[in-house]
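What follows is one structure encoded as structure tokens, with my remarks underneath.
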Ligand code: ARG
């Protein structure tokens with residue numbers, strides 16, 4: 001029995017206690033429908049699980065639950081295909097869908113909201129939505145990680161300078177440099193996985209804030225929706241947005257990583273560095289300067305980091321003064337979540353494509369990796385022959401100063417030059433003076449030698 005059909009379409013489902021309607025400007029200002037319609041699929045998913053449970057515990061008939069489910073799927077089809085007529089008077093997606101349900105099946109539709117409030121409903125919808133999004137993000141991070149690993153595999157012997165203070169420091173390999181990003185991304189994956197664990201908690205049944213007197217089965221709803229846990233305090237269930245903060249914090253840290261990566265791409269593709277060549281497909285021209293090939297994509301990934309950090313700070317600020325339990329301030333959560341998602345998802349995707357398309361100038365990297373970048377190696381040579389490190393530091397410091405003053409390349413210092421600074425230098429010291437040797441000997445765990453990096457690549461998998 002699907003109940004009687006009502007033809008009269010109520011303007012609003014929840015204004016029984018009011019004599020007059022809202023001011024149109026109030027309606028427009030307070031509505032979340034313009035943005036929360038993105039939750040429609042998950043709202044329907046949650047309502048179907050709720051209706052099945054209501055039937056199971058005997059609060060509605062099985063036939064009513066079936067009619068509700070069938071009609072909700074029709075409504076989903078209407079929204080999917082753009083046929084659904086949204087009306088700002090509905091306030092939000094929850095009331096928009098419920099109003100349509102009632103318009104289609106009447107009294108039976110009026111039973112859906114039994115033992116439910118929009119407060120627990122919206123918490124559920126956002127959790128369901130974010131759960132799917134977090135799984136997508138995991139895939140996008142994996143793809144970027146795989147793109148970096150592919151480039152790294154081909155470049156374990158590609159010598160380049162590592163920098164501290166943006167001054168050439170010691171030779172590393174391109175592979176080692178890229179695998180530093182992979183480590184960052186793996187920590188990001190961990191953070192998103194933790195956010196997912198805190199998101200997968202089922203709040204429905206909390207009602208407005210104090211549960212319900214009706215005999216519902218919250219565990220059944222959780223099972224239906226694939227949640228292992230239910231929220232264990234009804235007031236916390238409707239006011240908790242920690243899972244949103246967890247997501248936004250993970251997103252902000254990821255965005256910072258992508259920003260640092262972007263900054264290096266911008267440096268590497270500049271004429272000053274010349275380490276990498278920006279593919280045309282990823283570059284923009286200048287409206288005035290015909291020669292320009294600008295790294296806009298990387299600049300904007302760097303630039304958009306500001307808004308993701310902003311999303312986190314905005315949400316923290318929204319939450320900090322809220323008394324328990326639900327407050328309308330919480331409605332601000334969704335745009336922060338959507339904005340962060342809309343920023344990091346394409347950034348991850350494009351960054352993966354960019355690394356796949358980048359070409360490298362290995363000779364330019366190699367040229368930059370010689371010279372004084374080898375000074376520490378010589379100091380360590382002396383240490384290996386018994387000299388205290390501080391003394392070796394001083395000896396090599398003097399050698400560097402003399403070489404700098406002479407204007408000769410550091411690599412071309414002869415054994416005699418070295419021995420003038422310390423008799424501890426023997427024949428083999430001169431062979432040390434190449435970036436390749438320096439790299440090959442850095443076999444310490446976590447170090448940049450090709451051998452160590454190949455081992456790490458094996459552990460990292462694909
Ligand atoms: N549109 C609201 C939100 O996004 C749904 C919950 C509204 N509850 C309420 N009592 N106003 O948070």
- Message: Regarding region 278-288, can at least one residue be identified that is within 16 Å of the ligand (Cβ to nearest atom), without any contact (Cβ under 8 Å) to a residue 60 or more places away in the chain and in a loop (DSSP other than H, G, I, E, B)?
- Response: no
- Return a yes/no flag: does region 118-125 have any residue that is surrounded by fewer than 23 Cβ atoms within 10 Å (Cβ to Cβ) and either in contact with a strand residue (DSSP E or B) (Cβ under 7 Å, 6 or more places away or on another chain) or more than 30 Å from residue 175 (Cα to Cα) (or both). yes
- Message: I'm trying to understand the selection: among the residues of region 42-77, which are under 35 Å from the mean Cα position of the chain (by Cα) and surrounded by fewer than 16 Cβ atoms within 10 Å (Cβ to Cβ)?
- Response: 73, 74, 77
- Starting from residues that are outside any helix (DSSP H, G or I) and closer than 24 Å to residue 55 by Cα, keep the ones in region 72-122 and report whichever is farthest from the ligand (Cβ to nearest atom). 106
- Message: For the condition more than 30 Å from residue 115 (Cα to Cα) and touching a residue at least 12 places away in the same chain (Cβ under 8 Å), what is the one hit in 266, 230?
- Response: 266
- Name every residue in region 419-435 that is in a helix (DSSP H, G or I), over 19 Å from residue 170 (Cβ atoms) and in contact with a helix residue (DSSP H, G or I) (Cβ under 7 Å, 6 or more places away or on another chain), in order of residue number. 421
- Pairing a residue in region 102-122 that is at positive phi with any residue that is within 16 Å of the ligand (Cβ to nearest atom), where Cβ atoms lie under 6 Å and the two sit 6 or more apart in sequence or on different chains, gives 115/212
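State all residues of region 321-352 that are under 30 Å from residue 260 (Cβ atoms) and without any contact (Cβ under 8 Å) to a residue 12 or more places away in the chain; if no residue qualifies, say none.
342, 346
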- Note on the structure: Taking region 126-140 and keeping only residues that are surrounded by 21 or more Cβ atoms within 10 Å (Cβ to Cβ) and either away from the ligand (no atom under 16 Å from the Cβ) or under 13 Å from the mean Cα position of the chain (by Cα) (or both), one is left with 130, 134, 137
- Message: Residues that are within 16 Å of the ligand (Cβ to nearest atom): list the helices (runs of 4 or more DSSP H) wholly contained in region 298-405 that include at least 1 such residues.
- Response: 333-357
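No lab work stands behind these numbers, since they all come straight from the coordinates. Just so it is clear, the structure is predicted and the values come from calculations on it, not from any experiment. Neighbour counts are summed over all protein chains in view; Cβ atoms, including those assigned to glycine, are modelled from backbone coordinates with ideal geometry.
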